[in-house]
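First comes the structure, then the notes that go with it.
The values are calculated or read from the model by the stated rules, or taken from the named source; none is laboratory data. Note that the structure is predicted; figures quoted are calculated from it, not measured. Here the Cβ is made from the backbone with ideal geometry for all residues, glycine too, and neighbour counts use every protein chain on show.
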Amino acid sequence: MSSTITHQDQELGYTPFEPPFWLRPSLVQTALASFKYRKRGKNPMLDVAIPKLLNCEDGVKLRGSYSRHPQNKALVIFLHGWEGSQDSTYVVAGGRRVFNQGASVFRLNYRDHGDTHELNEGIFLSTNFNEVFDAVKQAAELADGAPVYIVGFSLGGNFSLRIARSLRDLTIKNLKHIFAISPVVDPWAAAPLVDVNPIYRRYFLKKWTASLRKKQAVFPHLYDFDDMIKTNRVLAITEQIMPLYSDYPTMEAYFNAYRVDPHDLKTCPVPISIITAADDGIIPPDDILKLELNHNARRIIHKYGGHNGFFQSLTGPTWYDDYVSDIIFAES
């Protein structure tokens with residue numbers, strides 16, 4: 001599959017992502033997204049970062065970090081992937097890029113992410129949309145009139161698309177554009193792929209089981225994950241957790257509850273950019289192609305890029321770093 005670029009993107013001069021041949025393998029691109037070396041060096045965004053505790057719907061507390069730039073040309077809100085955090089490499093690297101160009105940055109942690117397990121009794125579920133929307137709306141108030149942008153990765157891309165869907169009825173002040181990088185669209189299609197590849201499976205099992213142990217240590221009277229985390233399958237843990245610790249009787253009901261359906265984005269009033277790769281080992285490109293988009297949306301499917309990758313060189317910047325920056329600072 002060659003890159004799919006919308007007519008609008010062609011007019012704006014955006015070209016397909018064509019990495020050197022040694023950077024083309026999907027696993028290489030995916031691995032680079034989380035390599036910590038990308039966070040090395042001076043980072044003015046981190047130097048001025050202020051912790052923020054947000055009181056959200058239903059008494060939920062979420063923690064984030066706000067870095068205000070003196071120029072405040074825009075506010076960029078970053079939403080990380082599953083088992084990531086505000087300090088994930090791709091968030092810190094992307095945040096530094098836009099901060100250095102004059103934008104303020106807000107980096108959000110979901111429930112039970114970024115060592116916030118003690119803040120809420122309930123466990124994190126990907127269906128915890130209302131609290132994430134509430135947190136994003138509160139973060140947007142920090143913009144002080146500057147344009148607001150949302151950049152979401154993987155599960156954060158799923159949250160971003162669900163935010164776009166909700167804008168049929170709700171509003172986020174001064175929101176100008178939503179970027180969804182490698183977004184989960186259909187969990188039923190994506191989740192099994194995590195278990196198929198041993199590298200992905202090992203990565204997510206290690207991070208998720210560590211998170212569940214932390215939750216159990218904080219609330220031992222509420223949770224006992226000891227037996228279920230002995231399994232070597234992500235789906236097996238999910239299947240056991242749902243009936244015990246959620247309102248979803250089955251894994252199927254849970255996955256269906258945070259799926260983005262093909263027609264969900266047709267009436268979104270805010271521009272959307274969806275960026276993914278045909279060789280993504282977790283997100284099937286057909287899920288992205290099924291989405292019915294309006295004239296405000298850009299669907300970009302590159303031949304290469306892996307999951308959250310899109311590295312043009314070993315150290316970056318990524319293709320989406322350039323794309324996001326071009327749009328934000330052309331419009332701000």
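Within the range 300-321, if we keep just the residues that are in contact with a strand residue (DSSP E or B) (Cβ under 9 Å, 6 or more places away or on another chain) and surrounded by fewer than 20 Cβ atoms within 10 Å (Cβ to Cβ), the residue that is nearest to P183 (Cα to Cα) turns out to be K303.
Can you confirm whether N43 is in contact with a helix residue (DSSP H, G or I) (Cβ under 6 Å, 6 or more places away or on another chain), farther than 24 Å from K173 by Cα and not aliphatic (A, V, I, L, M)?
Details: in contact with a helix residue (DSSP H, G or I) (Cβ under 6 Å, 6 or more places away or on another chain): yes; farther than 24 Å from K173 by Cα: yes; not aliphatic (A, V, I, L, M): yes.
The answer is yes for N43.
Restricted to the range 210-228, and to residues there that are closer than 23 Å to P192 by Cα and buried (at least 18 other Cβ atoms within 10 Å of the Cβ), the residue that is farthest from the chain's Cα centre (by Cα) is F225.
Please go through the range 127-143 and pick out each residue that is within 19 Å of I241 (Cβ to Cβ) and either of a type in the set (D, E) or surrounded by fewer than 19 Cβ atoms within 10 Å (Cβ to Cβ) (or both). Break it down stepwise before answering.
First, pick out the residues of the range 127-143 that are within 19 Å of I241 (Cβ to Cβ): 127-129, 131.
Within the range 127-143, T127, F129, E131 qualify.
A Cβ distance below 6 Å, combined with a sequence gap of six or more or placement on separate chains, defines the contacts here; from the range 109-129, residues that are closer than 17 Å to E57 by Cβ reach residues that are crowded, with 20+ Cβ neighbours inside 10 Å and β-branched (V, I, T) in the pairs N109/T116.
Looking at R259, R299, just one residue is farther than 30 Å from Q101 by Cα, under 17 Å from the mean Cα position of the chain (by Cα) and in contact (Cβ under 8 Å) with a residue 40 or more places away in the chain, and that residue is R259. Among the residues making up the range 93-121, a single one is surrounded by fewer than 23 Cβ atoms within 10 Å (Cβ to Cβ) and among the hydroxyl-bearing types (S, T, Y): T116.
Could you tell me which of the residues Y304, Y258, Y223 is at pLDDT 95 or above, of a type in the set (F, W, Y) and farther than 30 Å from V28 by Cα? Walk me through it before giving the result.
On the way: Y304 fails: farther than 30 Å from V28 by Cα; Y258 fails: farther than 30 Å from V28 by Cα.
Criteria check complete, one pass: Y223.
Among residues belonging to the range 29-49 that are of a type in the set (A, V, I, L, M, F, W, C) and modelled with pLDDT of 95 or more, point out the one that is surrounded by the most Cβ atoms within 10 Å (Cβ to Cβ). Show your work before the answer.
Restricting attention to the range 29-49, the residues satisfying the condition of being of a type in the set (A, V, I, L, M, F, W, C) are 31-33, 35, 45-46, 48-49.
This time we only want the ones that are modelled with pLDDT of 95 or more, so: 45-46, 48-49.
Working: M45: 23, L46: 17, V48: 15, A49: 20.
In this case the residue turns out to be M45.
Pairs linking a residue in the range 159-179 that is assigned by TED's automatic domain parsing to the domain that holds K266 and on the phi < 0 side of the Ramachandran plot to a residue that is of a type in the set (K, R) and part of a helix (DSSP H, G or I), with Cβ atoms under 7 Å and 6 or more positions apart or on different chains, are I172/K137. The single condition among (1) within 23 Å of A190 (Cα to Cα); (2) under 18 Å from the mean Cα position of the chain (by Cα) that D322 does not meet is (1).
Taking the criterion of being more than 25 Å from N174 (Cα to Cα), outside any loop (DSSP other than H, G, I, E, B) and at pLDDT 95 or above, would at least one residue in the range 50-58 satisfy it? No, that holds for no residue.
The selection criterion, being modelled with pLDDT of 95 or more, surrounded by 14 or more Cβ atoms within 10 Å (Cβ to Cβ) and assigned to a strand (DSSP E or B), holds for S65. Only one of the numbered conditions (1) more than 14 Å from the chain's Cα centre (by Cα); (2) surrounded by 21 or more Cβ atoms within 10 Å (Cβ to Cβ) is not met by Q86, and that is (1). Within the range 130-156, the only residue that satisfies the criterion of being free of Cβ contacts under 8 Å to residues at least 40 places away in the same chain and either in contact with a strand residue (DSSP E or B) (Cβ under 7 Å, 6 or more places away or on another chain) or among the basic types (K, R) (or both) is K137.
Yes or no: the range 188-204 includes at least one residue that is part of a loop (DSSP other than H, G, I, E, B), touching a residue at least 24 places away in the same chain (Cβ under 8 Å) and within 25 Å of F310 (Cβ to Cβ). Yes, the range 188-204 contains at least one residue that is part of a loop (DSSP other than H, G, I, E, B), touching a residue at least 24 places away in the same chain (Cβ under 8 Å) and within 25 Å of F310 (Cβ to Cβ). For R202, the conditions (1) more than 18 Å from the chain's Cα centre (by Cα); (2) crowded, with 16+ Cβ neighbours inside 10 Å are fulfilled apart from (2). Looking at V324, is it of a type in the set (A, V, I, L, M), surrounded by fewer than 22 Cβ atoms within 10 Å (Cβ to Cβ) and within 28 Å of K73 (Cα to Cα)? For V324, the condition - of a type in the set (A, V, I, L, M), surrounded by fewer than 22 Cβ atoms within 10 Å (Cβ to Cβ) and within 28 Å of K73 (Cα to Cα) - is not met.
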